[in-house]
Each structure stands twice: as structure tokens, then as C-alpha cells.
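First up is the structure itself, then whatever we jot down about it.
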Amino acid sequence: MIRARVLISGDPLSLSRGAEKTKLAIEAEISYYGLEDEIQVSYLTHADRTDILPIVMIYPEGVTYGPVTPEDGAYIVQEHLYKGRVIEHLFAPPEVLTGDIAHIPGRKGATYAQKRIVLRRAGVINPLDIEDYITHDGYFALAKALEEMQPEEVLETVKASKLQGRGGAGFPTGLKWSFVVQQPGEKYVVCNADESEPGTFKDRLILEGDPHALLEAMALAGYAIGAHEGWIYIRGEYALAKERLNKAIQQAKELNLLGDHILGSDFSFDIHVHAGAGAYICGEETALLESLEGKRGIPRIRPPYPTVAGFRGKPTVVNNVETLANIPPIIQNGADWFRSMGTERSPGTKVYTMLGDVNITGLVETPMGTTLREIINIYGGGMKDGKAFKCAQTGGASGSIIPPELLDVPMDFASMAESGAALGSGALLIAGEDTCIVDLAYVLLRFFKAESCGKCTPCRIGTAQMLEALERLRMGYGTQVDLDRLEEIAHYTKEASFCGLGQAAPVPIITGLRYFREEFEAHTRGECPTGVCPCSVKQKVKH
Amino acid sequence: MDAQLAQQTDEVIKHYGTDAEALVEILRDLNQIAGHLSPEHLLLIAQRLNLPSSKVYSVASFYSLINIKPLGRHVIRFCEDAPCHVAGGREVWEALEQELGIPFGETTPDRQWSLLTTSCIGACAVGPVMMIDDEIYGNLTPEKVHEILTQYREADKGGAV
């Protein structure tokens, strides 16, 4: 089995600088250590950097060394491929993000490989076959918990793992569970599968590709907190996922992995699927609970929090799909295993959906703390059409705008927050140089205005007024007065809105202004620097 | 017509029961069967679930997958979110309006097409994306929009759809 791939730049310039000798040296050293069957060596035909040739890239770590002499090549095999130690002093220097080739400055101790916990079975097993799930470690964690662990131990393990909610806020999952345990009476486990942040479809993949993982996780949560009923609130648009969940529940019941006295224990647990009917706001947990009770999806006042008074007024744990998918492996492998991945403050992995101006779009799961530069270069295959990176937008519409300055910030909840950005739900919309920030903000605000539930005034009126101001700027009628008003309303809306939707709606404007103020100001003069907005079209016609 | 309406409604209610908690699901499923929910539908549901009709109306009008107005023969739901927008959605948006001769949110006078927007449908990797009825079409361009709509029109003429 191939465990590593070594790529050596083989373009004419690299060859003229001795790439062939480097390749021979690497191959000789590999055979010296007897690694031929595990490591594949090949030429990279196209490298777009000329300053560090020849380069040597090693996957799956995604480390780039360069320039590499034949002696360095032999040393790399010895240290990196044989002993597993990255060699910092041979790392290629970082460069700006352009072109379609991955150049990564390596970091000591960092794991670059895509690490799958949550998505480890998606696409590997047949989601409609419970036996396939079981043969891939399925329901082992539940069996282990029921046979060997007290509910308190399950709770303590989750607490010790430091797992944080993956829906966007990053609240410690174990802590949330312990709030519910303290409450008397009947309790509920609710899974928030109302994935509707624009650009996020990670939960859909779990729901469609590995539905039993979610059921097992909910049963574990139920066992830990003392609940006997779980509800999955799934968005109305996810018809296939709903169908698969229902099928999975039926299969699990047949094998007594759900239902009464699971696996002969004293623990009984049932799961119901409830589909929504199209409302972004229902991703907010209290609005979700309202909708689950058959009402308009309007947020509730807090406190009391759902952990005290949630579904049907009872203490309720509401967890995101990705969060729950981490629970079975944590119970199975222990908290220490989980904490060995990611960062100190945010252990584990994060699933991202990468979109926009990158060569490869789609889902990627990486350890927490991986930087945006690494994600774009390694998994995104670099920027599309050689565009320069302008900004990224995280966490769907409620994420923040990340400028080039923050490309090297480790992506975890705390580090992002310290940099004034938000990790959000896991969407990564990568925008190249030809993206207009005003236009981007306009589209995001159009979404929020449409999805505002109308309950509170700051959000209902604020989103409309911000959209109006952005529309004027886009069309070229806007003035400095509009820009000032936009900024003012953005702050009021953020401060005064009732729930997360209204508090998040102005964030693209606030962060956009923080990093790209000149671009907004250009629009007050009727100029769109990227030529995207309608105002620039008018100009062209005029001349 | 009324008998059919009552039958449709009762079938859905039979599946979910008459607990008020099931209201959203009942409305959504019935909408799918009936195409849209008429005032008669809403009134009947209110009676069966023993709820004020104002409450049933308020819930029905809240959710985007529940229509309280009749729509065209085909319903286009175009994703208006940022990922689709930056992937060329703006041009496709304009092409759709031009092609059908109506702005978003409206139905053509011949009642063949309704042009609506939708928020993210989770197919962002192939954006821009639209749904026509239950079919998803991705990687759209203005030319492709023309092609797809022409196919539907021709199929309708031939009576195939």
C-alpha cells in the first residue's frame, strides 16, 4: 500500500537545476530503507514558482521543500519519510496565494493529512445497509457504553474530550449536556439538522452517507443525560436524507439498537424525524424548537435556555449533526485520542465545504487549527485561473470576511475569534481578486432580509435599510452619507437584534468595511474597482 | 373538487395525527400533494386539529415550502445565495427574468411558469443552481437556461411532461 507520494518538479528549469539528480538520490535512499512499496516517486510536470526550484512535495502531509539538492533529497527520505520528522530548515518559503499549484510552508508538529472522523464512513459504506455500518465499527460505542459505562462516565468522557459544538458557536458539548443532567424530570435530545447556512452542505453528507452514525450518537446522548426520546429536525429540502434516516431508524429498531431495552439493557430510546418547511431561521435553536412544536419558527426569549426549558418545555439538548457524529468515536476511542487531534483549545477535526475560486470545490475534513492557506492550497488545489486571493467568507452568511492578512491564523473557534473573525458553520467561500466586496455584501444582505422572521424591529428594519444603502452604492447613486448610515445601522442591528440572525446579518458589512473600506468608498464616487457592479456598466456606456 | 380536497387533507392528517405539533408537517405534505393550499384547505385543517384558523394561516404563510397562492405549471426556484452568486449567478438571474419575461416572485400570465428564489439547497459545489419542480440543475449559464427551458416547453407541447 502506498502511504506517501513524493513529487519532484520536472519542468525544464528544475531539470536544468539538477532535479533529475535529486530524484535519483531520493529513489536510491528509498530503496536503501526498503520503502519502495510504500512510497511513490514521480515528477510534477508543472510548477509555477521559479524561485525555489527544484521543489519536492510530500503528500499526504502536503509539505513542500525547496530548493532541494541531491544531498537534501537523501536527507528528506531519511528524516521525513523514514523517521517521520519534518525538516523545518528545508521548507520552501511561503508565497502569496496565486496559481494552481500548492506551495505550503510546513509547520512543526502540524498534521496536514485530511483526517476523517466525521466523514470516515461517508461514501465508504452503503448507507441503507445497517450491517455495513456495523462492520465498520458501527454501534460499538453504544454497546460499549451500555455494557461497560455508567451514564456519568459517558458524560465525563465527552466533557474531557473538549468537543465543541460544530454548528458555529463552538459551545462545549459536555457542558451543555451537564446542564440538562442537573434538571429534574423528562428530557429530550434534539438534533439540529436544519442545515441552511448558504454554502454549507456538510451535514447533508453525514445524513445521506452515514445516517446510523447520527442515530448511535443520539442514543449515546440520551443515555448520558437520561432522555428516552430524540428528535431530528431536518430541513424540508433534504428529502433524500429524511428518507434514509427513516429507513435507518427502522433497521436499528429491528436489531434492538433503538427502542425498548436496547441490547438487553435497562436503557430505552426512540428517535423521530421531523422535517421543516423552508425557513432559515429554524436553524436557530429556539426557533427550531418552536417549529418542532408545529408553530411559526420564531426565536424564543432566553433565558430560560433550552437546557432548562426546551422541547415541550422540558430540558433539552440541541446539538448539530457534525457535533453528534463525533460522539461515537469519542466514546469508542476515549477523550485522549480525540484531544490528540486539532489544537489545545479546539480538539478534533472540522468539516468544511469549500466553494468559489479554487480549483477543487467540495468537502474536506481537516484537524482544527489548519490554516486557510493550507486548506486552499492542499485541498482546494490552489486558486482558480491563477487569480489572487482576495477574501474568504466563513460560516455561510453569518460568517465573517477573512482578508489575506488572516490566511495563516489557525482555524479554530478561539483563534478565529481572537483575530476578529468567525469560524462559523464550515462554509468557505473563497473569493478571487475579481470579486466586489460591495456586491458580495449586497447578496448576503438580500438573503438576511428575506430570511428575517420579522419578530424584532432592529433585524426586520435594519436588514432592509442596509440592503437599501448597499443597493444605492451598487447602482452608483450612493454617497458618503449612505456609507455612514450603512455603518451606523450595521452596528445598531448587531447590538440590538433579538437572536443570532440579526446579530450576524451586519457582520459581512462590518468586517468588509474593516478590511476593504476603500472599495466601499470608491462606490460612493460611482466607481466599482472590479467592474462587477451595475454602476461600472453605466460608466462604460457613457464613454 | 371539495370531496377531493377533504380526502387529500384527511389522508395526510391520518398519517400525522391531529396533534397541533404536527401542523407544519401536515401543511407541507398537503402542499406537495395539492400544489398549493387554498383557504378551504387551511380551514379544514384548523377544524380537524381544533386550532384557530388564524393560527393555521400564520404558520402556513411563514414557511417558504408552503404556498398559499396558486403557482404556475412549473416552479423554478433559483438559489440566490452568495456561493451561487459569485459563481456566475448574477448573469443567470438576469437570463431567467428575460427568458420568462417576468421578475422574480411572479407567475407568467399563461400560468406555465413561476419564478421564485430559494435559499441554499446544498448543491453549492455545482453552482449556480436552480430547481425546476423537483429536478436540480447545476453549473448554469444563460445559454444553458435557455436550453433547459426550451426542453420543458417542447415537452409540454408534445404532452410528454
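The table that follows gives values for the structure above.
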quantity	calculated
Distant-in-sequence amide H partners of A:Ile401 (H built 1.01 Å from N, under 5 Å)	A:Thr511, A:Gly512
Over segment A:220-305, relative contact order from alpha-carbon pairs under 8 Å, at least 6 apart, %	28 percent
Sorted by Cβ neighbour density within 10 Å, fewest at the top, the residues A:Asp357, B:Asp29	B:Asp29, A:Asp357
Theoretical FRET efficiency, 1/(1+(r/R0)^6), r = Cβ-Cβ of B:Phe104 and A:Ile2, R0 51 Å, to 0.05	0.50
Peptide-level mean, for A:272-281, of C-beta atoms on other protein chains within 10 Å	5
Within 10 Å of each Cβ in B:56-65, the average number of Cβ atoms from other chains	5
Residues whose placed amide H lies under 5 Å from that of B:Phe78, excluding near-sequence neighbours	B:Leu116, B:Thr117, B:Thr118, B:Met131
Exercise: per-residue mean of other protein chain Cβ atoms within 10 Å, A:198-207	4
Distance (nanometres) between label positions extended 7 Å along Cα→Cβ at A:Met475 and A:Asp266	7.0 nm
Violating pairs (Cα-Cα greater than 18 angstrom) within the set A:Lys449/A:Lys494; A:Lys295/B:Lys55; A:Lys242/B:Lys55; A:Lys295/A:Lys455	A:Lys242/B:Lys55
Rounded if a/c under 1.5, otherwise prolate or oblate - chain A, Cα gyration tensor axes	oblate
Between segment A:360-376 and segment A:450-476, the Cα center-to-center distance that results, in Å	32 Å
Using θ = phi - 60° and Karplus 6.51 cos²θ - 1.76 cosθ + 1.60, couplings along segment B:94-108 (whole Hz; Gly, Pro as x)	5, 4, 5, 4, 5, 4, 9, x, 9, x, 4, x, 10, 10, 5
Under the Karplus curve 6.51 cos²θ - 1.76 cosθ + 1.60, θ = phi - 60°, whole-Hz ³J(HN,Hα) for segment A:353-365, x wherever Gly or Pro sits	10, 9, 9, x, 7, 10, 6, 10, 9, x, 8, 8, 10
At R0 = 35 Å, FRET efficiency that the Cβ-Cβ distance of A:Ser340 and B:Ser54 yields, to 0.05	0.05
Highest average packing first - A:518-524, B:33-39, A:191-197, Cβ atoms within 10 Å	A:191-197, A:518-524, B:33-39
Length added when fully stretched, A:Ile301-A:Glu38, from 0.36 nm per residue minus Cα-Cα	88.9 nm
In Hz, Karplus ³J(HN,Hα) per residue of segment A:450-465 (6.51, -1.76, 1.60; θ = phi - 60°; x = Gly, Pro)	5, 9, 4, 7, x, 5, 10, 5, x, 6, 4, 7, x, 4, 5, 6
Cα gyration tensor shape of chain B, rounded if a/c is under 1.5, else prolate or oblate by comparing a/b with b/c	prolate
Antiparallel content of DSSP bridges confined to chain A, in %, to 5	50 percent
Fewest-first ranking of B:Tyr63, B:Tyr16, using other Cβ atoms within 10 Å as the exposure measure	B:Tyr16, B:Tyr63
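Where a number appears in this text, it was derived from the coordinates with a stated rule and is not lab data. All of these numbers come straight from a predicted model, not from anything done at the bench. Quick reminder, even Gly has a Cβ in these numbers, built from the backbone with ideal geometry, and neighbours come from all protein chains shown.
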